[in-house]
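The values are calculated or read from the model by the stated rules, or taken from the named source; none is laboratory data. What you see is a predicted model; the values in this text were computed from it and never measured. A quick note on method: Cβ atoms are made from the backbone with ideal geometry, for glycine too, and the neighbour counts reach across all protein chains shown.
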Amino acid sequence: MRDRETLVFRTTLRELTVLVGAAAIATAMTAATAQAREFRLGLITPPNHIWTENAVRFGEALSEETDGRYSIAVFPSQQLGNEAQMLQQLQTGALDMSFMTAAEISNRVPEFGAFYAPFLVGDIAEAAEILRSDEAKAMLDLLPRVGVVGLGYGSAGLRQIVARGAVESPADLQGSKIRITPFEPIKDFYEALGTAPTPMPLPDVYDALANGQVDAIDMDLELIWKLKYTDHADTMLLSNHMMFPMVGIVSGRIWATLPEEDREIIARLMAQYTDAALQEYVDLEDDFLAEVEKTDITITPIDSDFFGDAVAAWNAKWEEKAPNVATLRALVD
Ligand code: BEZ
């Protein structure tokens with residue numbers, strides 16, 4: 001009898017232990033699930049673009065390092081709106097993160113216009129030198145002014161001009177409608193050149209060039225090749241006239257809700273993957289040119305002389321609006 005009682009007692013104890021263990025695991029899982037958070041990161045670039053690919057890698061690295069507590073849903077191709085709209089969403093906290101053109105930032109923070117000084121850099125390696133400098137990093141400290149936190153720089157390739165028809169001299173561009181990314185510094189440059197700059201977000205450019213809504217586009221080599229703008233153009237002026245930085249940003253409102261140790265992880269990984277996007281252009285810019293060279297387009301190398309007084313006119317205007325351009329120039333002189 002005593003043996004039977006002991007057996008019953010032991011069995012009950014074992015069941016209780018299993019139950020308590022299961023309850024503890026369930027509680028831990030509920031807590032982990034409750035803490036798991038998916039950030040939304042928006043971009044205007046297509047899925048096969050270097051920025052988008054590095055945004056996806058950033059999300060994977062963040063999930064891995066936080067054991068799934070954080071993950072990132074990447075929205076490419078302007079799915080969440082154009083950059084002006086995304087910046088507004090970041091300000092209200094409706095969007096968490098973006099890899100965004102410094103161009104859009106320069107519409108709100110004029111100091112970022114300094115990056116677009118025509119012929120500030122001679123090649124993409126010099127652009128990288130500027131973007132990795134302490135001076136450029138210090139500019140990120142200006143971003144809380146517009147409600148976002150800047151955590152790192154990437155880049156696209158240097159800018160070129162792709163035109164329908166032949167372009168043999170600046171006269172051929174006079175009065176032409178040239179597609180530009182919607183931001184002030186580039187608008188000022190093309191106006192100074194005597195053209196009619198036409199602001200247009202990236203996803204609209206292919207059709208506009210194809211149907212003749214614009215005569216030419218301002219673009220980089222990667223996209224000239226990948227998005228096949230050469231299908232509807234005859235000439236590429238290989239000008240390398242401007243750099244085109246990208247900034248990794250987080251909504252200031254969202255940032256304020258994050259624990260310090262998680263901010264450190266996000267800041268480090270975002271800086272790592274924006275810089276990886278920068279390095280890819282340093283490594284691949286020549287390959288992109290080689291791809292464009294395989295097409296039927298006529299490639300005409302030009303330098304700052306081609307643009308006549310437009311460069312000096314730009315400098316006169318923007319050296320006032322963004323005096324920090326002198327600091328950036330000194331880095332690569
Ligand atoms: C553009 O507007 O031309 C552009 C935007 C993002 C990446 C590259 C190019």
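Structure notes:
- Scope the range 184-201; condition within 11 Å of the ligand (Cβ to nearest atom) and either more than 20 Å from Glu83 (Cβ to Cβ) or surrounded by 22 or more Cβ atoms within 10 Å (Cβ to Cβ) (or both); matching residues: Ile186
- Hits in the range 233-242 (condition: within 14 Å of the ligand (Cβ to nearest atom) and either at positive phi or out of contact with any Lys or Arg (no Cβ under 8 Å at 6 or more places or on another chain) (or both)): none
- Looking across Asp204, Asp141, Asp134, Asp172, one residue alone is within 13 Å of the ligand (Cβ to nearest atom) and without any contact (Cβ under 8 Å) to a residue 12 or more places away in the chain. It is Asp204.
- Residues considered: Gly59, Gly42. Of these, the only one that is modelled with pLDDT of 95 or more, more than 15 Å from the ligand (Cβ to nearest atom) and crowded, with 19+ Cβ neighbours inside 10 Å is Gly59.
- Looking across the range 53-73, just one residue is polar (S, T, N, Q), in contact (Cβ under 8 Å) with a residue 40 or more places away in the chain and part of a helix (DSSP H, G or I), and that is Asn54.
- Some residue of the range 250-270 being within 16 Å of the ligand (Cβ to nearest atom) and either assigned to a loop (DSSP other than H, G, I, E, B) or surrounded by 18 or more Cβ atoms within 10 Å (Cβ to Cβ) (or both): no
- Some residue of the range 105-116 being crowded, with 18+ Cβ neighbours inside 10 Å, of a type outside the set (S, T, N, Q), touching a strand residue (DSSP E or B) at 6+ places or on another chain (Cβ under 7 Å) and under 26 Å from Val214 (Cβ atoms): yes
- Entry remark, the range 84-98: residues being crowded, with 24+ Cβ neighbours inside 10 Å and in a helix (DSSP H, G or I) number 2 in total.
- Hey, Asp123 of a type in the set (Asp, Glu) and in contact (Cβ under 8 Å) with a residue 60 or more places away in the chain or not: yes
- Residue check, Ile180 under 26 Å from Ala128 (Cα atoms), of a type in the set (A, V, I, L, M) and within 13 Å of the ligand (Cβ to nearest atom): yes
- Among residues of the range 286-306, those that are closer than 16 Å to Ala156 by Cα and not aliphatic (A, V, I, L, M), counted: 3
- Flag if Glu83 is in contact (Cβ under 8 Å) with a residue 24 or more places away in the chain, out of contact with any strand residue (DSSP E or B) (no Cβ under 7 Å at 6 or more places or on another chain), within 15 Å of the ligand (Cβ to nearest atom) and acidic (Asp, Glu): no
The rows are residues; the columns are (1) β-branched (Val, Ile, Thr); (2) without any contact (Cβ under 8 Å) to a residue 12 or more places away in the chain; (3) closer than 21 Å to Glu60 by Cβ; (4) not in a helix (DSSP H, G or I).
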site	(1), (2), (3), (4)
Tyr273	no, no, yes, no
Glu280	no, no, yes, no
Phe288	no, no, no, no
Glu291	no, no, no, no
Asp296	no, no, no, yes
Val311	yes, no, no, no
Asn315	no, no, no, no
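- Residue under evaluation Thr230, criteria (1) closer than 22 Å to Leu80 by Cβ; (2) in a helix (DSSP H, G or I); (3) within 16 Å of the ligand (Cβ to nearest atom), criterion not met: (1)
- Applying the criterion of being within 12 Å of the ligand (Cβ to nearest atom) and not in a helix (DSSP H, G or I) to the residues of the range 207-227, the residue that is farthest from Phe306 (Cα to Cα) is Leu227.
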